Amino acid sequence: MAIAVLGASSLLGKSLIEKLTAWKYPVEAIVAVDSATDEQSSTLEIADNKYDLLEPSEFDWGSVQAVIGCDDELVDTYSDDILNFGGVLVNATATDVIGAVSTLSMEDGEWVGAQGAYQLPNSVVIMLTHLLKRLANEVGIESVHVNALMAVSENGQDGVDELASQTARLLNGLPVEPSIYSRQIAFNLLPQGKAQSSVADDIEQQLKLIFSDQEPMVAAHSVTVPVFYGAMAQVTVSCQGNVSVAECVDIWREIDSVEIQLDEPVTLVTDLNQHPYVSVSQIRQSQNEPKQLKFCAQADVINACVVPYLAKLIQRIGGM
């Protein structure tokens with residue numbers, strides 16, 4: 001099986017290629033596809049491996065079984081061309097692709113021989129999926145309320161560059177001009193960043209898809225914070241039955257990609273950068289509502305959530 005990574009030089013594209021190579025994933029070829037800028041050579045170097053950077057306007061989309069879209073503009077430009085070849089486009093960006101099916105609605109066996117466009121969930125939804133599904137299976141869920149704190153990496157390298165540039169200028173007493181954000185992001189909190197209002201909408205719509213036989217009420221809010229990488233979600237869950245903190249911990253400790261932190265505080269910047277797991281902490285019951293649980297989930301969502309999720313999809317598409 002050969003795959004193309006469209007937007008290979010993006011944050012997500014580079015991380016996906018690096019991890020698939022490091023994990024020795026059983027694919028015949030990983031093709032790096034991106035539009036080279038004036039400052040960029042036609043070779044992409046990732047973790048001591050070099051990849052020829054192929055121009056998307058000249059690429060033969062029929063030469064690969066699946067395309068992983070990692071760049072908004074490139075997905076928007078080339079999605080029709082990709083789909084005309086009858087392959088699979090997995091859209092890992094926020095760009096809308098007409099007719100795309102949510103990957104959350106697909107069963108494992110449905111991926112073999114799949115064609116068309118598929119939409120990856122929001123990174124916070126991926127982070128919370130196993131936690132909430134396990135809880136729903138054990139005690140049932142009536143409602144979920146998510147407050148999501150999103151790092152600038154949610155908007156790719158452009159978001160990271162804007163925060164770095166603004167921080168440097170402000171520390172040197174220079175004015176800043178917002179570019180991809182509506183306001184200054186350095187030393188600030190933005191209730192709406194670049195299309196950030198849609199992040200909360202995505203969380204609300206997509207989380208409902210993970211509950212097969214339940215229809216809990218889902219509400220979400222999102223804020224962009226001046227942190228380079230990762231995401232944090234403060235979550236309140238109203239359960240159908242009683243569940244103690246100890247029982248909740250036992251349920252979640254069975255998930256390989258989750259680490260429970262009950263004692264020492266954990267932060268995105270100092271503890272979780274580049275780590276491949278979701279950290280869950282501050283688990284507690286509401287004093288007034290014994291069926292209500294509150295917890296904090298956080299992760300370097302590119303490396304701990306999105307890339308592993310994509311890797312599993314590639315495995316299923318290839319029938320591995």
Original post:
When the residues of region 10-51 are filtered to those that are under 24 Å from THR95 (Cβ atoms) and in contact (Cβ under 8 Å) with a residue 60 or more places away in the chain, which remaining residue is surrounded by the most Cβ atoms within 10 Å (Cβ to Cβ)?
Top reply: LEU16
Subject >> Number of positions in region 234-246 that are more than 22 Å from VAL124 (Cα to Cα) and touching a residue at least 60 places away in the same chain (Cβ under 8 Å) >> reply: 4
Subject >> Considering residues of region 274-302 that are of a type in the set (S, T, N, Q) and more than 21 Å from ILE255 (Cβ to Cβ) only, the residue least open to solvent (accessible area, probe 1.4 Å) >> reply: SER286
Original post:
What are the residues in region 3-57 that are within 19 Å of PRO276 (Cβ to Cβ), outside any loop (DSSP other than H, G, I, E, B) and hydroxyl-bearing (Ser, Thr, Tyr), if any?
Top reply: SER15, THR21
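The values are calculated or read from the model by the stated rules, or taken from the named source; none is laboratory data. Not measured: the values here are computed from a predicted model. Positions of Cβ are backbone-derived with ideal geometry, glycine not excepted, and every protein chain shown enters the neighbour counts. Quick note on the areas: whole protein, heavy atoms, side chains included, nothing else; ligands and nucleic acids left out. Shrake-Rupley method; radii C 1.70, N 1.55, O 1.52, S 1.80 Å.
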